[in-house]
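Visitor: I'd like to ask you about the structure that follows.
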Amino acid sequence: MAESSGFFASVNGDRRYKTDWLAEYIRAIISDGVLDGTMAVTATGDNMQVQVLAGKGWILGYLYSNDSTLPLNIGIADGALPRIDTVVLRLDRNARSIHAYVVQGIPAAAPEAKEPIRNSEVHELVLAYVRVEAGATSITQSAIADKRLDNGLCGIVHAVIEQIDTTDLLRQMEDWFELYKQQADKDLETFEATFLVWFEGVKGQLSTDAAGHLQNQMDTANARITNEAIYVYTGRLLVDGWTAGTDEQGTACWTQTVAATNRDGGPPLTASTQLFGPMDLPTGVRETDEVLAEVLRIVNDGKPTPGEGTVTCKVWELPEADAQIYWPGKTGGTT
């Protein structure tokens, strides 16, 4: 191993530093990632394109900067199978450049995103995954999974020597969703067991016809209980997507209908789904999270109406920012 240090004044050319050394110098004080939650990947909504919003990022000490929205094309969808494309920020040492790219995935029944390239010549940060459904002709916001918060894939740089570790926060939110579902399932099982104990105690007091009729009702209820589960549905509310109107009392309100997908891989949203209070995922950037918290408050004070793959939100205050909203929901089944 060799020692190195710098920068020092050169005397007769005895202190010359290469660009790689400068990058290593910067890397020692600035971690990899995007600055303050910038460079989000969003959908245009009407074609096979996504766009990377303006921002800055660092990869191994090299700076990337983009001062305007950058559109990126998504390849033609496979006719039979879905795939997952990856939006990356790629450092190419040979090309001496950093650019945003779309890495096309491989169509499969259960598609997976490709691993980012990280070797001595190329190093990629993952900004987002984009699910391209079979036969798709456009990309919606619900098809985009933001990966900037995952330090293993990207990361968010907040200050000169600080990188906010949001990976644990993201994992905690995902664990909370899972615990919420597990607890709901346990509650339903407890109700079923209690009901069966009660029924065993009273069925001897009923006539044969009445007991049989009640048993049929119990079987139907059991089927519903068994098939019920808690899932999480998500959709993106856009600041310019609200439509002004009035409610039944003539009070001013705004509505917006968004596509909502099941992030757990469960059944699609239907008009019979029971939605619970909305949530969002913190970014770790205080200013951004304060804005999102205000949007969430407005949505929580409003009224969500589920539809076939959609949620229609009615609010009585006009939100001033886009927000990705998550609704826990209960979908029941019958035999």
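Visitor: Looking only at residues in region 1-47 that are modelled with pLDDT of 85 or more and surrounded by fewer than 18 Cβ atoms within 10 Å (Cβ to Cβ), which one is nearest to residue 240 (Cα to Cα)?
Guide: 44
Visitor: Further, regarding this structure: Restricting attention to region 61-71, report how many residues are surrounded by fewer than 18 Cβ atoms within 10 Å (Cβ to Cβ) and of a type outside the set (S, T, N, Q). I'd like the intermediate steps shown before the answer.
Guide: Filtering region 61-71 for residues surrounded by fewer than 18 Cβ atoms within 10 Å (Cβ to Cβ) gives 63, 65, 67-71.
Remaining after also requiring of a type outside the set (S, T, N, Q): 63, 67, 70-71.
So the answer is 4.
Visitor: Of the residues that make up region 196-210, is at least one more than 28 Å from residue 97 (Cβ to Cβ), at pLDDT 65 or above, surrounded by 11 or more Cβ atoms within 10 Å (Cβ to Cβ) and among the basic types (Lys, Arg)?
Guide: Looking through region 196-210, none of the residues is more than 28 Å from residue 97 (Cβ to Cβ), at pLDDT 65 or above, surrounded by 11 or more Cβ atoms within 10 Å (Cβ to Cβ) and among the basic types (Lys, Arg).
Visitor: In the set 292, 237, 281, which member is in contact with a Cys (Cβ under 7 Å, 6 or more places away or on another chain), of a type in the set (A, V, I, L, M) and under 25 Å from residue 127 (Cα atoms)?
Guide: Details: 292 fails: in contact with a Cys (Cβ under 7 Å, 6 or more places away or on another chain); 281 fails: in contact with a Cys (Cβ under 7 Å, 6 or more places away or on another chain).
Result: 237 is the single residue among 292, 237, 281 that is in contact with a Cys (Cβ under 7 Å, 6 or more places away or on another chain), of a type in the set (A, V, I, L, M) and under 25 Å from residue 127 (Cα atoms).
Visitor: Please work out if residue 327 is more than 27 Å from residue 189 (Cβ to Cβ), outside the structural domain of residue 130 (by TED's automatic domain parsing) and aromatic (Phe, Trp, Tyr).
Guide: Working: more than 27 Å from residue 189 (Cβ to Cβ): no; outside the structural domain of residue 130 (by TED's automatic domain parsing): yes; aromatic (Phe, Trp, Tyr): yes.
No; evaluated as a whole, the condition is false for this residue.
Visitor: Among the residues of region 253-302 satisfying the criterion of being assigned to a helix (DSSP H, G or I) and of a type in the set (A, V, I, L, M, F, W, C), which is surrounded by the fewest Cβ atoms within 10 Å (Cβ to Cβ)? So that I can check it myself, show each step before the final result.
Guide: Just the residues of region 253-302 that are assigned to a helix (DSSP H, G or I), to begin with: 286-301.
Within this subset, residues satisfying the condition of being of a type in the set (A, V, I, L, M, F, W, C) are 291-293, 295-296, 298-299.
Working: 291: 17, 292: 21, 293: 13, 295: 22, 296: 20, 298: 19, 299: 25.
Result: 293.
Visitor: Of everything in region 233-267, what is within 14 Å of the chain's Cα centre (by Cα) and at pLDDT 85 or above? Give them in sequence order. Let's see the steps before the verdict.
Guide: At the first step, the residues of region 233-267 found to be within 14 Å of the chain's Cα centre (by Cα) are 233-237, 259-265.
Those that are within 14 Å of the chain's Cα centre (by Cα) and at pLDDT 85 or above: 233, 234, 235, 236, 237, 259, 260, 261.
Visitor: May I ask you to verify whether residue 314 is out of contact with any helix residue (DSSP H, G or I) (no Cβ under 8 Å at 6 or more places or on another chain), of a type in the set (Lys, Arg) and farther than 26 Å from residue 41 by Cβ? Talk me through it step by step, then tell me what you get.
Guide: Values: out of contact with any helix residue (DSSP H, G or I) (no Cβ under 8 Å at 6 or more places or on another chain): yes; of a type in the set (Lys, Arg): yes; farther than 26 Å from residue 41 by Cβ: yes.
Here the answer is yes, as residue 314 does meet what is asked.
Visitor: Pick out the one residue from 157, 126, 130 that is modelled with pLDDT of 75 or more, in contact with an Asp or Glu (Cβ under 6 Å, 6 or more places away or on another chain) and surrounded by 18 or more Cβ atoms within 10 Å (Cβ to Cβ).
Guide: On the way: 157 fails: in contact with an Asp or Glu (Cβ under 6 Å, 6 or more places away or on another chain); 126 fails: in contact with an Asp or Glu (Cβ under 6 Å, 6 or more places away or on another chain).
From the options 157, 126, 130, the qualifying one is 130.
Visitor: Can you pull out the residues in region 76-98 that are within 26 Å of residue 59 (Cα to Cα), touching a residue at least 12 places away in the same chain (Cβ under 8 Å) and either surrounded by fewer than 18 Cβ atoms within 10 Å (Cβ to Cβ) or out of contact with any strand residue (DSSP E or B) (no Cβ under 8 Å at 6 or more places or on another chain) (or both)? Full working, then the answer.
Guide: Taking region 76-98 as the starting set, the residues that turn out to be within 26 Å of residue 59 (Cα to Cα) are 84-98.
Adding the requirement that they be touching a residue at least 12 places away in the same chain (Cβ under 8 Å) leaves 84-94, 98.
Scanning region 76-98 gives 92, 93, 94.
Visitor: Further, regarding this structure: Could you list, in sequence order, the residues of region 48-58 that are crowded, with 20+ Cβ neighbours inside 10 Å and of a type in the set (A, V, I, L, M)?
Guide: 50, 52
The values are calculated or read from the model by the stated rules, or taken from the named source; none is laboratory data. On a predicted model such as this, the values are computed, not experimentally measured, just so you know. Cβ atoms come from the backbone with ideal geometry, glycine included; neighbour counts cover every protein chain shown.
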